[in-house]
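Here the structure comes first, spelled out in structure tokens, and everything after it is commentary.
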Amino acid sequence: MSFIEIFILAVGLSMDAFAVSVCKGLSVGKMKAKYALIAGAYFGGFQALMPLIGYYIGSQFAELITKYSHWVAFILLAIIGANMIRESFSKEKEEASASFSFKTMLPMAIATSIDALAVGVALSLSLGDASIYPPVLIIGLTTFVISAAGVKIGNVFGDKFESKAEFAGGVILILVGLKLLLDGLGVFGG
């Protein structure tokens, strides 16, 4: 995968964290830089950790499914993307507390990064001999920046962007999965 493909994947993955960060920004009265940094650190850290875990889990089974790896990667990303799109149309609004404590942030960071675990499995099948560490770093840093910005955006603009971000993230993940599938089928000479 190229840097651009990994960056686009990172942006797609970060949209759940962005949506939650926007909610966190809505919940605080007076914006402080530490709120953005805390959200960025939690969400970026877990978005980096989960694909790493998924990669090592997927690596254990790669030999069994290498022949179908492009299909597995596509199906995982398509399911995650479709779920994000479905959630973007949900009428239920998530309530976010104004707390940035460990017990508040940890469950949200885990919940928003579960899809990154599945992406890590997909990466184990599509990276070949390439290292997992550059993609993990790109995913973590991208999510850090987008989440930190989400807190500020939520504080300033309210919830206008939450569902649009989730929808865009879902579309991006489906498109990345489709690209991996077409590469695996040899459509792009891959």
Helical mean residue ellipticity (222 nm; -39500 (n - 2.57) per DSSP H run of 4+; nearest 500) of the chain: -28000 deg cm²/dmol
1.4 Å probe accessible area per residue over the chain, in Å²: 50 Å²
In Hz, Karplus ³J(HN,Hα) per residue of region 35-49 (6.51, -1.76, 1.60; θ = phi - 60°; x = Gly, Pro): 5, 5, 5, 5, 4, x, 5, 5, 5, x, x, 6, 5, 7, 5
The chain - percent of accessible surface contributed by carbon and sulfur, probe 1.4 Å: 70 percent
Segment L106-F7, extension gain: residue separation times 0.36 nm, minus the distance between their alpha carbons: 33.2 nm
With Cα atoms, 0 to 90° folded angle of helix 133-157 axis to the chain main axis: 30 degrees
Local electrostatic count, A36, Cβ distance below 12 Å [Lys/Arg +1, Asp/Glu -1]: +4
Computed lengthening from L182 to A82, 0.36 nm per intervening residue step minus Cα-Cα distance: 34.1 nm
Packing-based ranking, highest mean first, of 11-22, 32-43, 144-155 given that Cβ atoms within 10 Å are counted: 11-22, 144-155, 32-43
Candidates L175, L77, L123: whichever shows maximal mean-square fluctuation once the chain is modelled as a Gaussian network with Cα springs under 10 Å: L175
On Cα atoms only, tilt of 69-88 relative to the major axis of the chain in degrees: 20 degrees
Over 23 Å between alpha carbons, listed pairs K34/K164; K24/K103; K34/K103: K34/K164
Tail fraction, Cα-Cα pairs, region 1-149, threshold 25 Å, whole percent: 29 percent
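The values are calculated or read from the model by the stated rules, or taken from the named source; none is laboratory data. It should be emphasised that the depicted structure is a prediction, and the values quoted were computed from it without experimental measurement. Ideal geometry is used to build each Cβ from the backbone, glycine not excepted, and the neighbour counts take in all protein chains shown. Please note that ligands, DNA and RNA were not included when accessible areas were found on the heavy atoms of the full protein model with its side chains. Shrake-Rupley method; radii C 1.70, N 1.55, O 1.52, S 1.80 Å.
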